[in-house]
Amino acid sequence: MKIDENMSVLDLVKEMDAQEFFCAGRLARALDIFVEMVSDPDTTVFLGLAGALVPAGLGQIFADLIQEDFVDVIVSTGANITHDLIEAFGGQHQKGIEGDDTNLRRRGINRIYDVYVSDAAFMKFEEKIQQIFRDIDVEKRREGIAVYELIKEIGKRLKDKKSFVKVAADKGVPIFCPAITDSILGLQAWLFSQLNPLKINILEDLHQIINLAYESKKSGAIILGGGVPKNHILQTMLITGKGFDYAIQITLDRPESGGLSGATLDEARSWGKLKSNAKSVDLIADVTVAFPILVAAAKQKLREL
């Protein structure tokens with residue numbers, strides 16, 4: 001593998017491709033699949049977000065992918081949406097210094113590995129999100145609102161152009177959050193519902209995402225991490241009977257435990273979630289390292305086409 005000081009990110013990945021081995025070769029394979037799926041106007045691209053990706057600084061990447069029409073559907077954990085909103089409301093994720101977690105609690109600081117988020121940021125989040133809930137049409141709240149509709153209503157009221165929730169609302173890209181109750185956003189929705197009308201129709205979300213998969217001519221999945229977003233994306237094909245045409249998975253989880261987060265994409269073929277001839281790759285890597293490299297190389301390669 002030849003490395004020099006004038007290489008672009010794309011040049012580096014091309015060198016990885018020439019070697020073909022290990023994770024470097026798989027990253028190059030992911031680049032080819034990524035470019036092919038996002039450049040095909042007939043392909044509906046689903047992006048799954050799991051893990052602390054926004055606290056790690058990837059939120060702007062997601063916003064840009066939506067803005068540049070690389071992504072058509074997002075399925076996210078509630079945590080990534082929550083942390084996107086924290087930043088949109090003026091809160092910060094700061095570099096932490098490893099120390100005494102009991103002392104951090106006394107100081108009102110919450111730790112996510114080596115990222116710190118203050119209680120003050122969550123208090124600001126509570127103030128702003130409660131205001132937004134109140135601003136949503138009361139009849140819509142009373143009759144029942146789908147989660148993707150609720151997130152769109154939130155996004156329409158944001159000003160931060162770096163927020164992927166705002167950009168998705170502006171671009172008409174739905175954000176599904178099947179485990180919304182497993183997050184601070186979900187807790188805030190529950191708190192609001194104790195004193196105000198708010199019914200959430202989660203089955204309408206399932207109806208909508210299955211329709212999007214069914215109506216797609218071709219489909220691709222970019223799965224960052226695993227968990228609920230991964231399964232929610234892949235299971236749509238159990239209803240449509242079509243299977244994904246493309247799939248990229250970046251994860252550090254392992255398949256031996258039988259859990260879905262570490263399950264290979266080949267395993268998904270046995271369920272009919274991927275077509276037998278689908279172009280796919282499992283990249284065992286840290287999403288926060290591999291995905292920025294992948295996106296940077298893809299944008300450079302797309303300019304060459």
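The values are calculated or read from the model by the stated rules, or taken from the named source; none is laboratory data. These numbers were taken from a predicted model, which means no experiment stands behind them. Please note: Cβ atoms are built from the backbone with ideal geometry, for glycine as well, and neighbour counts cover all protein chains shown.
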Check whether at least one residue in the range 76-90 is among the polar types (S, T, N, Q) and more than 19 Å from SER183 (Cβ to Cβ), and report yes or no. no
Note on GLY51: of the conditions (1) modelled with pLDDT of 95 or more; (2) over 18 Å from ALA296 (Cβ atoms); (3) crowded, with 16+ Cβ neighbours inside 10 Å; (4) not basic (Lys, Arg), unmet is (1)
Note: among PHE62, PHE70, PHE34, PHE46, just one is in a loop (DSSP other than H, G, I, E, B) and modelled with pLDDT of 95 or more, namely PHE70
Taking the range 222-236 only, how many residues are of a type outside the set (Val, Ile, Thr) and part of a helix (DSSP H, G or I)? 6
Given the range 118-174, what helices (runs of 4 or more DSSP H) lie entirely inside it while holding 2 or more residues that are closer than 22 Å to PRO197 by Cβ? 119-135, 138-143, 147-156
Single residue of ASP72, ASP84 found to be within 16 Å of GLY48 (Cα to Cα), crowded, with 20+ Cβ neighbours inside 10 Å and in contact with a helix residue (DSSP H, G or I) (Cβ under 6 Å, 6 or more places away or on another chain): ASP84
Any residue at all in the range 213-230 that's of a type in the set (Ser, Thr, Tyr) and more than 17 Å from the chain's Cα centre (by Cα)? yes
Going through the range 270-299 one residue at a time, which ones are touching a Phe, Trp or Tyr at 6+ places or on another chain (Cβ under 7 Å) and outside any strand (DSSP E or B)? LYS273, LEU294, ALA298
Cβ pairs under 6 Å, 6+ apart, first in the range 48-65 and more than 19 Å from GLY91 (Cα to Cα) and in contact (Cβ under 8 Å) with a residue 24 or more places away in the chain, second buried (at least 22 other Cβ atoms within 10 Å of the Cβ) and of a type in the set (Ser, Thr, Tyr): LEU49/SER76; ALA50/THR77
Quick one: which residue in GLU139, GLU153 is acidic (Asp, Glu) and crowded, with 17+ Cβ neighbours inside 10 Å? GLU153
Which one of ALA18, ALA28 is touching an Asp or Glu at 6+ places or on another chain (Cβ under 7 Å), assigned to a helix (DSSP H, G or I) and of a type in the set (A, V, I, L, M, F, W, C)? ALA28
If a residue must be basic (Lys, Arg) and in a helix (DSSP H, G or I), how many such residues does the range 98-117 contain? 2
Scan the range 185-196 and report the pairs whose first residue is part of a loop (DSSP other than H, G, I, E, B) and whose second residue is charged (D, E, K, R), with Cβ atoms within less than 9 Å and a gap of 6+ or a chain change. ASN196/ARG134; ASN196/ARG141
Determine if the range 248-266 includes at least one residue that is among the charged types (D, E, K, R), crowded, with 20+ Cβ neighbours inside 10 Å and out of contact with any helix residue (DSSP H, G or I) (no Cβ under 6 Å at 6 or more places or on another chain). no
Residue pairs qualifying under the 7 Å Cβ cut-off, at least six apart or on distinct chains, with the first in the range 268-293 being on the phi > 0 side of the Ramachandran plot and the second being among the hydrophobic types (A, V, I, L, M, F, W, C), are GLY272/MET237; GLY272/LEU238
